[in-house]
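*Asks:* For reference, the structure I am asking about is given below.
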Amino acid sequence: MIDFSLSTEQLDLRAGLTALFADHSTPARVRAAEPLGFDPALWAVLTDFGFPHLAGSRDGAPAGLAELVVAAQAAGACLASVPLVETLVATRLLDRLGRTGTDLVTFAPRPAIGGIARTVPWAAVADRVIAWDEGRLVVSGPGHDVTTPKQTLAGLALGHVDLTGATPLADGPDAPELFDEALADWRVLTAAGLVGIGTAGLHLGVEYAKTRHQFGQPIGAFQALAHQLADAATLVDGAELLVLEAAWAADTGSARRLGLAAMACTFAGRAARRATDRSLHAHGGYGYTLEYDIQLYFRRAKALGLLSDAAGGDGAATEAVVALALADTDEGRP
Amino acid sequence: MDFEPSEAQLRFRTEIRQFLAELPPATSAAVHDSGTLHSWSVHRAMAERGWLKAAWPVEQGGQGRDPFEMATLNEEFARAGIPVEGWLISELVAKTLQIVGTEQQRREVIPAILGGETLMCLGYSEPDSGSDVAAARTRATRDGDGWVIDGQKMFTTMAHEASHVFLLARTDPDVPKHRGLTMFLVPLDAPGVEVRPVHTLGGERTNATFYERVRVPDSARVGEVDGGWDVMMVALAFERQPAAAGHLLHLVDRAVAWARTPDASGRAPIERPEVRACLARACTDLEVSRLMGYRMTWLTSRDVLPHTQGSLAKLFSSEALMRAASSFMDVAGADGLLAGHGTEAPADGWIEHEFRHSVVTTIYAGTSEIQRGIIAERHLGLPRAQPRRANA
């Protein structure tokens with residue numbers, strides 16, 4: 001029976017993490033973590049909380065994606081400068097292989113080219129990197145060769161990783177499926193983060209439009225502005241529903257899970273970019289200044305949107321969605 | 001959190017698919033080509049199965065089906081391209097009468113609607129009032145025990161098939177516009193009623209209806225005198241499930257089939273990257289449209305009126321339908337210019353058809369601008385838009 005209500009676990013996690021991030025991921029902390037974009041103190045708080053191992057079976061029954069998306073969304077809403085999504089993906093992947101990691105393991109959503117995994121989120125601070133390299137799932141590090149770009153749009157501790165000397169995690173016939181499942185996890189969790197960014201970013205513009213007066217009235221009363229914010233809110237709302245469905249599909253082992261993950265990620269990337277773009281515009285000239293917070297959201301949405309588009313390789317998301325479309329049609333729409 | 005259809009939904013779906021599979025193959029094309037998006041033979045066959053009153057309680061002769069089963073009924077008919085607008089409009093009038101109608105109206109009108117004998121149509125819009133529906137100028141004046149109606153309605157779709165029009169009329173011109181309206185159920189065969197066809201870009205026939213000294217008894221009044229706006233609010237709540245999501249489902253299924261079939265060049269369109277990108281976008285928008293629709297159904301099943309959720313669903317799915325139809329035309333290229341069902345047109349003409357038809361879905365039942373206004377105010381909490389005063 002279709003039911004959109006969140007479970008007690010989901011609601012408790014949301015409440016707990018929203019409070020945690022409000023204390024430990026303030027706009028001042030987000031700014032202080034730049035340009036690298038990593039906040040070690042916040043990461044320590046989250047590891048105390050149980051991240052990322054609550055996604056694995058080391059400490060008991062693992063949390064499902066339905067709970068993890070709630071965490072990723074709360075983190076996105078406060079622009080948490082931590083490798084939450086990627087370490088959760090790595091934990092789930094290692095768990096499927098019967099392994100656990102105690103160090104900081106990140107995941108490269110974009111396949112390596114010529115033995116180099118480029119623009120890998122959190123590679124600059126991770127001990128190890130899991131990557132897809134020419135038909136093999138490999139793990140690199142510690143002590144591997146990572147180049148950290150001098151400047152980036154929005155932190156995320158990006159790094160280019162030389163996979164020479166990386167150890168195979170899987171190179172048999174099961175390897176592509178392991179990567180696809182991990183990629184789908186990354187897409188769903190990144191989409192959840194983008195929903196958080198889109199929602200909170202849009203909220204800034206809406207609150208500004210309620211209080212800023214021009215021509216004798218709040219600018220939010222002008223339809224030219226209000227309707228753009230309404231359109232953006234509609235996209236963010238749709239993205240949130242897709243994320244919940246994709247998480248449910250993953251947890252229940254639905255055959256639609258990979259396609260839904262690609263849909264959620266693409267759609268949320270589009271929604272968050274539009275929401276933060278329109279919200280920044282609603283701020284007028286102040287949105288262009290660094291002292292207002294909307295620019296933080298604007299940059300982060302674009303950065304994660306671009307990583308989403310590149311995940312799995314060029315055109316990979318389109319292929320995953322088309323595969324689902326064909327299966328849905330063949331099966332008479334399940 | 002659960003996204004699995006219920007057992008009851010799946011059972012009902014099998015039954016509906018069986019019914020649709022047994023219809024003559026050209027039914028969908030024929031109904032659309034006729035211009036009247038209503039098939040009496042399908043309607044009566046639905047009545048025979050009790051589906052017109054499927055949502056009504058068993059003790060009132062219905063089937064007691066839950067909102068999810070009803071959503072499945074809508075979705076499966078939409079997927080098969082069989083329009084059921086005539087039924088949906090009639091049913092919303094029946095549901096409204098059930099809540100605000102008199103004992104006599106409930107006894108006489110509802111069974112005829114649910115038995116498949118009569119159709120209703122809506123008389124809200126006028127030549128000078130569309131989105132500002134409360135500005136209606138069609139007058140109803142007291143005349144002894146009854147009323148006399150004078151005026152004109154626009155977009156009275158299905159008036160040439162319906163027995164009654166659910167008509168919003170002005171009964172008091174001297175009070176604020178929302179407070180001087182009354183609702184009537186006017187027989188379309190009453191002397192003084194004239195129905196003139198209006199043909200549309202989408203091929204659908206709608207009507208302009210004229211009312212000249214039309215006499216109706218007071219028993220034709222629905223709800224209180226000057227209480228028409230309250231009746232409208234009840235009726236509008238039943239009109240919220242957006243039809244565009246169903247049209248998008250039909251279009252995507254047809255477009256996928258087209259894309260997989262080799263064209264004149266011997267290549268299937270789906271081999272082209274721009275076609276794959278277009279399909280991916282449309283399928284994603286379809287998934288979102290369906291989820292927004294299911295959320296409305298879920299709220300209804302919990303006795304919550306979906307309000308802003310209805311506006312979000314209506315805005316998104318209608319805009320997505322227009323975008324999808326237009327993009328499929330673009331990727332079909334010059335062959336997209338070919339039209340008609342049962343011809344050489346791509347997707348049996350459905351892409352070209354939906355390109356023309358989809359535009360109305362962003363207009364009727366609350367334009368996209370009306371929906372954005374509701375979302376801005378009630379979902380985002382933005383201040384209400386004020387008309388600019390002169391010299392302000």
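*Asks:* Return the residues of the stretch A:140-169 that are buried (at least 18 other Cβ atoms within 10 Å of the Cβ) and among the aliphatic types (A, V, I, L, M); say none if nothing qualifies.
*Replies:* Within the stretch A:140-169, A:VAL146, A:ALA154, A:LEU156, A:ALA157, A:LEU158, A:VAL161, A:LEU163, A:ALA166, A:LEU169 meet the criteria.
Conditions tested, residue by residue: (1) of a type outside the set (Ser, Thr, Tyr); (2) surrounded by fewer than 24 Cβ atoms within 10 Å (Cβ to Cβ); (3) within 15 Å of the chain's Cα centre (by Cα).
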{"site": "A:ASP3", "(1), (2), (3)": "yes, yes, no"}
{"site": "A:SER7", "(1), (2), (3)": "no, yes, no"}
{"site": "A:LEU11", "(1), (2), (3)": "yes, yes, no"}
{"site": "A:LEU36", "(1), (2), (3)": "yes, yes, no"}
{"site": "A:LEU65", "(1), (2), (3)": "yes, no, yes"}
{"site": "A:GLU86", "(1), (2), (3)": "yes, no, yes"}
{"site": "A:LEU93", "(1), (2), (3)": "yes, no, no"}
{"site": "A:PHE107", "(1), (2), (3)": "yes, no, yes"}
{"site": "A:ARG110", "(1), (2), (3)": "yes, yes, yes"}
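*Asks:* May I pose another question? When the residues of the stretch A:267-285 are narrowed to those that are farther than 30 Å from B:ALA280 by Cα and in contact (Cβ under 8 Å) with a residue 12 or more places away in the chain, which ends up surrounded by the most Cβ atoms within 10 Å (Cβ to Cβ)?
*Replies:* A:ALA282
Conditions tested, residue by residue: (1) facing chain B (nearest Cβ under 7 Å); (2) surrounded by fewer than 24 Cβ atoms within 10 Å (Cβ to Cβ); (3) not hydroxyl-bearing (Ser, Thr, Tyr).
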{"position": "A:ASP185", "(1), (2), (3)": "no, no, yes"}
{"position": "A:THR199", "(1), (2), (3)": "no, yes, no"}
{"position": "A:GLU207", "(1), (2), (3)": "no, yes, yes"}
{"position": "A:LYS210", "(1), (2), (3)": "yes, yes, yes"}
{"position": "A:GLN223", "(1), (2), (3)": "yes, yes, yes"}
{"position": "A:THR234", "(1), (2), (3)": "yes, no, no"}
{"position": "A:SER254", "(1), (2), (3)": "no, yes, no"}
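*Asks:* Of everything in the stretch A:1-45, what is among the polar types (S, T, N, Q) and within 14 Å of chain B (Cβ to nearest Cβ)? Give them in sequence order.
*Replies:* Residues satisfying the conditions are A:SER5, A:SER7, A:THR8, A:GLN10.
*Asks:* Would you check which residues across the stretch A:254-302 are closer than 16 Å to A:THR234 by Cβ and either β-branched (Val, Ile, Thr) or at pLDDT below 95 (or both) and list them?
*Replies:* Passing the criteria: only A:THR276.
*Asks:* Say whether the condition of being touching a helix residue (DSSP H, G or I) at 6+ places or on another chain (Cβ under 8 Å), closer than 19 Å to A:ALA154 by Cα and crowded, with 24+ Cβ neighbours inside 10 Å is met by at least one residue in the stretch A:256-265.
*Replies:* yes
*Asks:* Can you find a residue that is within 11 Å of chain B (Cβ to nearest Cβ), modelled with pLDDT of 95 or more and either touching a helix residue (DSSP H, G or I) at 6+ places or on another chain (Cβ under 7 Å) or within 23 Å of A:LEU137 (Cβ to Cβ) (or both) anywhere in the stretch A:303-310?
*Replies:* Looking through the stretch A:303-310, none of the residues is within 11 Å of chain B (Cβ to nearest Cβ), modelled with pLDDT of 95 or more and either touching a helix residue (DSSP H, G or I) at 6+ places or on another chain (Cβ under 7 Å) or within 23 Å of A:LEU137 (Cβ to Cβ) (or both).
*Asks:* All but one of (1) more than 8 Å from chain B (Cβ to nearest Cβ); (2) within 20 Å of B:SER317 (Cβ to Cβ); (3) within 13 Å of the chain's Cα centre (by Cα) hold for A:PHE267; state the number of the condition that does not hold.
*Replies:* That leaves (1) as the condition not met.
*Asks:* Consider B:ALA257 against the criteria (1) without any contact (Cβ under 8 Å) to a residue 60 or more places away in the chain; (2) open to solvent by 10 Å² or more (accessible area, probe 1.4 Å); (3) at the interface with another protein chain (Cβ under 9 Å from one of its Cβ atoms): it satisfies all of them except one. Which criterion is unmet?
*Replies:* For B:ALA257, the failing item is (1).
*Asks:* Give me a count of the residues in the stretch B:238-266 that are modelled with pLDDT under 95 and basic (Lys, Arg).
*Replies:* 1
*Asks:* Which members of the stretch B:353-365 meet the condition of being out of contact with any Leu (no Cβ under 6 Å at 6 or more places or on another chain) and surrounded by fewer than 23 Cβ atoms within 10 Å (Cβ to Cβ)? Spell out the reasoning first.
*Replies:* Let us first name the residues in the stretch B:353-365 that are out of contact with any Leu (no Cβ under 6 Å at 6 or more places or on another chain), namely B:353, B:355, B:357, B:359-360, B:362-365.
Passing the criteria: B:HIS357, B:VAL359, B:VAL360, B:THR362, B:ILE363, B:TYR364, B:ALA365.
*Asks:* Here's a follow-up. Regarding A:LEU229, is this residue facing chain B (nearest Cβ under 7 Å), touching a residue at least 40 places away in the same chain (Cβ under 8 Å) and open to solvent by less than 10 Å² (accessible area, probe 1.4 Å)?
*Replies:* Working: facing chain B (nearest Cβ under 7 Å): yes; touching a residue at least 40 places away in the same chain (Cβ under 8 Å): yes; open to solvent by less than 10 Å² (accessible area, probe 1.4 Å): yes.
So A:LEU229 passes the test.
*Asks:* Further question on the same structure: Checking A:ALA131 against (1) open to solvent by 10 Å² or more (accessible area, probe 1.4 Å); (2) assigned to a strand (DSSP E or B), which test does it fail?
*Replies:* Of the numbered conditions (1) open to solvent by 10 Å² or more (accessible area, probe 1.4 Å); (2) assigned to a strand (DSSP E or B), the odd one out for A:ALA131 is (1).
*Asks:* What tally of residues in the stretch A:308-334 results from selecting those that are open to solvent by less than 20 Å² (accessible area, probe 1.4 Å) and β-branched (Val, Ile, Thr)?
*Replies:* So the answer is 2.
*Asks:* Return the only residue of B:SER90, B:SER131 being surrounded by fewer than 20 Cβ atoms within 10 Å (Cβ to Cβ) and either farther than 25 Å from B:ARG13 by Cα or in contact with a helix residue (DSSP H, G or I) (Cβ under 8 Å, 6 or more places away or on another chain) (or both).
*Replies:* B:SER131
*Asks:* State yes or no: is B:THR200 under 20 Å from the mean Cα position of the chain (by Cα) and either open to solvent by 40 Å² or more (accessible area, probe 1.4 Å) or at positive phi (or both)?
*Replies:* Criteria met by B:THR200.
*Asks:* Is it the case that some residue within the stretch B:310-320 is within 25 Å of A:ALA316 (Cα to Cα), touching a Leu at 6+ places or on another chain (Cβ under 7 Å), within 11 Å of another protein chain (Cβ to nearest Cβ) and buried (at least 21 other Cβ atoms within 10 Å of the Cβ)?
*Replies:* Looking for residues that are within 25 Å of A:ALA316 (Cα to Cα), touching a Leu at 6+ places or on another chain (Cβ under 7 Å), within 11 Å of another protein chain (Cβ to nearest Cβ) and buried (at least 21 other Cβ atoms within 10 Å of the Cβ), one finds at least one in the stretch B:310-320, hence yes.
*Asks:* Given the condition out of contact with any Pro (no Cβ under 9 Å at 6 or more places or on another chain), in a helix (DSSP H, G or I), of a type in the set (A, V, I, L, M) and more than 14 Å from chain A (Cβ to nearest Cβ), answer yes or no: does some residue in the stretch B:355-365 qualify?
*Replies:* The answer is yes; a qualifying residue exists.
*Asks:* Report, by residue number, each residue of the stretch B:134-161 that is of a type outside the set (Val, Ile, Thr), open to solvent by 10 Å² or more (accessible area, probe 1.4 Å) and closer than 29 Å to B:LEU52 by Cα.
*Replies:* Correct list: B:MET154, B:PHE155, B:HIS160, B:GLU161.
*Asks:* If you go through the stretch A:150-157 one residue at a time, do you hit one that is away from chain B (no Cβ under 12 Å), in contact with a Cys (Cβ under 7 Å, 6 or more places away or on another chain) and among the polar types (S, T, N, Q)?
*Replies:* No, the stretch A:150-157 contains no residue that is away from chain B (no Cβ under 12 Å), in contact with a Cys (Cβ under 7 Å, 6 or more places away or on another chain) and among the polar types (S, T, N, Q).
*Asks:* Considering only the stretch B:260-294, how many residues are in a helix (DSSP H, G or I) and either at the interface with chain A (Cβ under 8 Å from one of its Cβ atoms) or open to solvent by less than 50 Å² (accessible area, probe 1.4 Å) (or both)?
*Replies:* Within the stretch B:260-294, residues that are in a helix (DSSP H, G or I) and either at the interface with chain A (Cβ under 8 Å from one of its Cβ atoms) or open to solvent by less than 50 Å² (accessible area, probe 1.4 Å) (or both) number 23.
*Asks:* Being modelled with pLDDT of 95 or more and buried (at least 21 other Cβ atoms within 10 Å of the Cβ) is the filter here, so list the residues in the stretch B:221-237 that pass it.
*Replies:* B:ARG221, B:VAL222, B:GLY223, B:GLY228, B:VAL231
*Asks:* Anything in the stretch B:320-348 that is touching a residue at least 60 places away in the same chain (Cβ under 8 Å) and either hydrophobic (A, V, I, L, M, F, W, C) or assigned to a helix (DSSP H, G or I) (or both)? List them, or say none.
*Replies:* The answer is B:ALA320, B:LEU321, B:ALA324, B:ALA325, B:PHE328, B:VAL331, B:ALA332, B:ASP335, B:PRO346, B:ALA347, B:ASP348.
*Asks:* Just to verify a result, which residue in the stretch B:103-128, among those that are surrounded by fewer than 18 Cβ atoms within 10 Å (Cβ to Cβ), of a type in the set (D, E, K, R) and more than 17 Å from B:GLY223 (Cα to Cα), is farthest from the chain's Cα centre (by Cα)?
*Replies:* B:ASP128
The values are calculated or read from the model by the stated rules, or taken from the named source; none is laboratory data. In this text, all values refer to a predicted model and were calculated from it rather than measured experimentally. No Cβ is skipped: glycine too gets one built from the backbone with ideal geometry, and neighbour counts run over all protein chains shown. The accessibility values were calculated without ligands, DNA or RNA, using every heavy atom of the protein model including side chains. Shrake-Rupley method; radii C 1.70, N 1.55, O 1.52, S 1.80 Å.
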